[in-house]
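Following: one structure in structure tokens, then a few remarks.
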Number of protein chains: 4
Amino acid sequence: MTTTLPTIGSTTWVVPDGYIPAHSTGPAPEMTSHDSVCILNAGASDALVELYLFFTDRDPLGPYRMHVAAGRAYHQRINDLRDPAVVPVGVDYSLVLHSDVPIVVQHTRLDSRQAANALMSTIAYPAR
Amino acid sequence: MTTTLPTIGSTTWVVPDGYIPAHSTGPAPEMTSHDSVCILNAGASDALVELYLFFTDRDPLGPYRMHVAAGRAYHQRINDLRDPAVVPVGVDYSLVLHSDVPIVVQHTRLDSRQAANALMSTIAYPAR
Amino acid sequence: MTTTLPTIGSTTWVVPDGYIPAHSTGPAPEMTSHDSVCILNAGASDALVELYLFFTDRDPLGPYRMHVAAGRAYHQRINDLRDPAVVPVGVDYSLVLHSDVPIVVQHTRLDSRQAANALMSTIAYPAR
Amino acid sequence: MTTTLPTIGSTTWVVPDGYIPAHSTGPAPEMTSHDSVCILNAGASDALVELYLFFTDRDPLGPYRMHVAAGRAYHQRINDLRDPAVVPVGVDYSLVLHSDVPIVVQHTRLDSRQAANALMSTIAYPAR
């Protein structure tokens, strides 16, 4: 398939409800409770995405840098971020993503604290 | 990190589906059934947010006032609101939030009435 | 409280994923599997809302008429609609709502086919 | 009912979070874990919809072609797509849909890997 799709999306995306449940039921890593950002770069240029985390009672954390190649999907568990710092579990936060080319972002949480997992998901808010 | 992010979001947000399940399974407060509004104020000015609740068969309730500092996330369980009145459980309602500076709002429900909790979430509707 | 909130929302809303699960676990009606449309009429004029259902292999059904008073929330289970016809369970459909004044619409499903209920929800798509 | 509804929606829709859980609990096909795209063509002209799948580490797949008749709903499980190729389970992907007439698209996942199913859903992102 020739990728002739036009560039689509926005360059700033917001997810107010970030939270990594502190417990899990079931085999890791598949069923580990997690927050994920799912990114599509449908365009012809690679994307540099910078993620910032905002908290209730301390300064924002970031940028976390992610490279999403042209014509590629990229699903990133927030639990797995390491640089500049691990994200604490059981703590409220919000996410802001900036990209140098248009992308589309969705946020999904898997919560397996109890015996059968719950899911929630929403397209993020495209700020500009 | 220097907070150089521009102000992002809208000043009026709507969530039509408010409902606090009346029962819970699991340890309180973590697994208590609840509705939450999750707010990000990514800008450089503090936000005064006024929340109004609309009901099926009586006049709206509010404002509930929340202060969200510049560059901070703020997750508020509707169950925990006290002034001007506690919000009844097991009752249908809708939420409208007004802010004096742009914010972004997401609504999330945790329902633990049965043995394993359910989640639902959506970015609120940005009305203006 | 004096309701001085401006009129907010749109007049046409779409929900592509309608489906009423055919089975339920737990006490009726609270835990009965259902689709709901949750409507907020935050304005000063009463709303007449006309709901149409679209199906895979037959003509649309409607209008279902709902009156939402000024300054009121209105949560309607699709299962409970009777006029012009009961909505079949276990069947794919889509929903379109038209209102004579601006409203905001959210769609939520409770699925209790298995032992612990699942939830999903999204702000509907504001078409105009 | 005479279908006098105007054409509504957009012609390009994006869902960044695609993922078909690899296991299921409960009777097939009803409770089989799946991703679905739910499409409404409320207009008077039939729609030709072309679906493309984007992956983390290989070229996009598509188009998958779907015909949605005028005034019809169409719910398609991604699991059931066969041409040009079956979609792998347990693999991250993103979805882009193009239509020759305006449609509205919602994405829903049913995850029954554990004993009680989870659901998540969101209106897709309307790119143009």
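The values are calculated or read from the model by the stated rules, or taken from the named source; none is laboratory data. Source: prediction; values computed, not measured. Cβ placement follows ideal geometry from the backbone for every residue including glycine, while neighbour counts extend to all protein chains displayed. With ligands, DNA and RNA removed, areas are computed over all heavy atoms of the protein, side chains included. Shrake-Rupley method; radii C 1.70, N 1.55, O 1.52, S 1.80 Å.
Which whole-number value in Å² is the accessible area per residue of chain B, probe 1.4 Å?
Spelled out: the 1.4 Å probe surface of chain B, per residue, equals 35 Å².
Please check: in the Gaussian network model of chain C (C-alpha springs, under 10 Å), which one of C:Pro102, C:Pro84, C:Pro63 has the largest mean-square fluctuation.
Highest fluctuation among the options: C:Pro84.
Would you look at the GNM of chain D, springs on alpha carbons closer than 10 Å, and say which of D:Val91, D:Val49, D:Val15 moves the most?
D:Val91
Shape call for region C:9-59 from the C-alpha gyration tensor, a ≥ b ≥ c root eigenvalues: rounded (a/c under 1.5), prolate (a/b greater than b/c) or oblate?
The shape class here is oblate.
With a 1.4 Å probe, what is the total accessible area buried between chains B and A, in Å² rounded to the nearest 100? Let's see the in-between values first.
Details: alone 7270 and 7260 Å², together 11700 Å².
Adding both sides of the contact gives about 2800 Å².
Averaged over its residues, how many other protein chain Cβ atoms are within 10 Å of peptide D:64-75's Cβ atoms?
Mean inter-chain Cβ contacts per residue within 10 Å come to 4.
Could you sort B:Arg113, B:Arg128 by their accessible area in this structure, using a 1.4 Å probe and putting the largest first?
Largest accessible area first, the residues go B:Arg128, B:Arg113.
Specify whether the C-alpha gyration tensor of region D:57-128 places it in the rounded, prolate or oblate class, a ≥ b ≥ c being the square roots of the eigenvalues: rounded for a/c under 1.5, otherwise prolate if a/b is larger than b/c and oblate if not.
Values: a/c = 1.73, a/b = 1.27, b/c = 1.36.
Oblate.
Taking a probe of 1.4 angstrom, what is the accessible area of D:Glu30 in Å², to the nearest 10?
Around 60 Å² of this residue is reachable by solvent.
Summarise the accessible area of region B:63-128 (1.4 Å probe, protein heavy atoms) by the percent that is carbon and sulfur.
50 percent
Pick out which of C:Thr56, C:Thr11, C:Thr108 has the largest mean-square fluctuation in a Gaussian network model of chain C, springs linking Cα atoms closer than 10 Å.
Highest fluctuation of the listed residues: C:Thr56.
Given axes a ≥ b ≥ c from the Cα gyration tensor, I'd like to know whether region C:1-116 is rounded (a/c under 1.5), prolate (a/b larger than b/c) or oblate.
Values: a/c = 2.46, a/b = 1.52, b/c = 1.62.
It is oblate, given that a/c is not under 1.5 and a/b is not larger than b/c.
Counting only the heavy atoms of the protein chains, how much of D:Ser45 is accessible to a 1.4 Å probe, in Å² to the nearest 10?
Around 70 Å² of this residue is reachable by solvent.
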